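The values are calculated or read from the model by the stated rules, or taken from the named source; none is laboratory data. Values in this document were obtained by computation on a predicted structure and should not be read as measured data. Ligands, DNA and RNA are stripped out before the accessible areas are found, and what is left, the full protein with its side chains, is counted by its heavy atoms. Shrake-Rupley method; radii C 1.70, N 1.55, O 1.52, S 1.80 Å.
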Amino acid sequence: MGIQEKKHRLPKEYYKGHVSVAFTLCLKGNNRIFFNNNIVTVFTDILNSVVSKANCIVPVYCFMPDHQHLIITGTSGDADVWKTMVSYKQKTGFWLSENEPGVRWQKDFYDHVIRTHEDIAVQVRYILDNPVRKGLVSSWEDYPFKGSVGCKLDDVLNGIM
């Protein structure tokens with residue numbers, strides 16, 4: 001039996017404009033590379049480059065050893081969060097193929113469009129608590145592979161974003 005693809009149920013229009021989407025990207029197999037500060041820095045630089053060109057910000061990202069969580073938020077009516085994610089995954093996938101042979105992203109990703117009535121700070125806190133739930137640290141503040149792009153994480157957590 002082959003790998004089953006996750007079909008995205010929402011039309012692409014749901015990912016355009018002033019919208020926030022939570023994504024989870026997983027590495028294929030049992031590859032665990034996101035404990036390496038150099039790799040995380042490269043991926044964070046790529047993320048920064050991609051979102052800055054796309055009228056988006058990243059209120060939170062968190063690299064777990066074998067996957068990544070992040071929220072991408074469109075900051076203008078012409079922002080396209082879906083295309084931004086695809087671009088990020090494509091650029092990081094190319095970097096992996098050139099620098100980490102045998103390590104690849106899984107074919108798709110999991111996503112959740114955050115509805116306007118949902119509290120984004122609650123979603124951000126849930127992502128930040130992943131390393132705590134996995135027993136990697138006792139407090140999310142101690143985890144080194146998390147942050148935000150285009151905004152301040154403290155502002156997001158305080159509901160200022």
Residue by residue through the range 52-62, the couplings from Karplus 6.51 cos²θ - 1.76 cosθ + 1.60 with θ = phi - 60°, in Hz, x for Gly and Pro, are 5, 8, 10, 6, 9, 10, 10, x, 7, 9, 8
In whole Hz, the Karplus estimates of ³J(HN,Hα) for the range 154-160 (6.51, -1.76, 1.60; θ = phi - 60°; x where Gly or Pro) are 4, 5, 4, 5, 8, x, 8
What helix-only [θ] at 222 nm does the chain give? Using -39500 (n - 2.57) per DSSP H run of at least 4, over all residues, to the nearest 500, the answer is -10000 deg cm²/dmol
Where a ≥ b ≥ c are root eigenvalues of the Cα gyration tensor, a/c under 1.5 meaning rounded, otherwise prolate if a/b exceeds b/c and oblate otherwise, the range 1-92 counts as oblate
Expected vector for the range 101-116, Karplus 3J(HN,Hα) from phi with 6.51, -1.76, 1.60 and θ = phi - 60°, integer Hz, x for Gly and Pro, equals x, x, 9, 9, 6, 5, 4, 10, 8, 9, 9, 9, 6, 7, 6, 4
Extension length gain for Glu98 and Asp119 (0.36 nm per residue less Cα distance), in nm, is 3.7 nm
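On average, how much accessible surface per residue is there in the range 1-152, in Å², for a 1.4 Å probe, leaving out ligands, DNA and RNA?
55
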Beyond 24 Å (Cα-Cα) in this structure, taken from Lys91/Lys134; Lys83/Lys107; Lys83/Lys134; Lys12/Lys89, we find Lys91/Lys134; Lys83/Lys134
Expressed to two decimals, the range 51-147 has a Cα Rg over Rh, using the Kirkwood radius, of 0.98
In whole Å, largest first, the alpha carbons of the range 108-161 cover along the principal axes 32, 29, 19
